[in-house]
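Chemist: Dumping the structure here so I can ask a few things about it.
What follows is calculated from the coordinates using simple rules that are stated; it is not laboratory data. For clarity, every value in this text was computed on a predicted model and none was experimentally measured. Cβ atoms come from the backbone with ideal geometry, glycine included; neighbour counts cover every protein chain shown.
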Amino acid sequence: MSPLFIGVVCGIAFGIIDVTLTVMGNHPDISRGMLLQAFTSRFAIGVLGANVSLPMDRVLSGALAGLLISLPDAFALHSYFGVLGTGVLFGAIAGWAAKKWAK
């Protein structure tokens, strides 16, 4: 499997998970823009987390990509632990999946 395909699949899954967490969370004003932002941010983490090439283990480079992509969202939402935590976790999972199955 190609790393790009793994990243797209991870990105779609992470996007759906994050939109679900957003809808089920205690946000007072959930808008279409907020859900689109949540999906696209996590989609980017999946794609980049599986495809970034840094001189370290793929899991760590995916986690770093997830952290860096999540920083603007965490600052904007003032929700650091949740946004940064899921970003790092999803990035690490994408890196692990690419390490495990990419050829």
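Chemist: Can you tell me the FRET efficiency between Ile16 and Tyr80 if r is taken as the Cβ-Cβ distance and R0 is 22 Å, rounded to the nearest 0.05? If you can, show how the numbers build up before the last one.
Modeler: On the way: r = 23 Å, r/R0 = 1.04.
Here the calculated transfer efficiency is 0.45.
Chemist: Also, quick follow-up: Using only the Cα atoms of the range 1-58, what do you get for the radius of gyration and for Dmax, in Å?
Modeler: 13.3, 42
Chemist: When the chain is treated as a GNM, springs tying every alpha-carbon pair under 10 Å, which of Leu48, Leu77, Leu35 comes out with the largest mean-square fluctuation?
Modeler: Ranking Leu48, Leu77, Leu35 by mean-square fluctuation puts Leu77 first.
Chemist: Which order results if Val23, Val47 are arranged by neighbouring Cβ count within 10 Å, fewest first? List each step's numbers first, then the result.
Modeler: Details: Val23 12, Val47 23.
Exposure proxy ranking, most exposed first: Val23, Val47.
Chemist: Another question about this same structure. Along the positive direction of the dipole of the chain (beta-carbon charges: Lys, Arg +1; Asp, Glu -1; about the Cα centre), which of Pro28, Ala50, Phe75 reaches farthest?
Modeler: Ala50
Chemist: Subtract the Cα-Cα distance of Met1 and Arg32 from 0.36 nm times their separation in residues, and report this length gain in nm to one decimal.
Modeler: Details: separation 31, 0.36 × 31 = 11.16 nm, distance 3.32 nm.
Stretched fully, the Met1-Arg32 segment lengthens by 7.8 nm.
Chemist: Okay, moving on. Let me have the relative contact order for the range 43-101, percent, based on Cα pairs under 8 Å that are six or more residues apart. Numbers along the way, then the final one.
Modeler: Numbers: 96 pairs, mean separation 27.8, N = 59.
Averaging sequence separation for qualifying contacts and normalising by length gives 47 percent for the range 43-101.
Chemist: Springs between alpha-carbon pairs under 10 angstrom, Gaussian network model over the chain: which of Ile30, Ile16, Ile69 fluctuates most?
Modeler: Highest fluctuation of the listed residues: Ile30.
Chemist: A further question follows. Report, in debye and to the nearest 20, how large the dipole of the chain comes out about its Cα centre when Lys and Arg carry +1 and Asp and Glu carry -1 on their Cβ. Present the calculation step by step, with values, prior to reporting the outcome.
Modeler: Details: 6 positive and 4 negative charges, 75 e Å.
Once rounded to the nearest 20, the dipole reads 360 debye.
Chemist: State, as an integer percentage, the relative contact order of the chain based on alpha-carbon contacts under 8 Å between residues 6 or more apart.
Modeler: Working: 168 pairs, mean separation 35.4, N = 103.
After rounding, I find 34 percent.
Chemist: Which values, in whole Å and largest first, are the semi-axes of the equivalent ellipsoid of the range 3-101 obtained as the square root of 5 times each eigenvalue of the Cα gyration tensor?
Modeler: Numbers: eigenvalues 110, 37, 17 Å².
Sorted largest first and rounded, they come to 24, 14, 9 Å.
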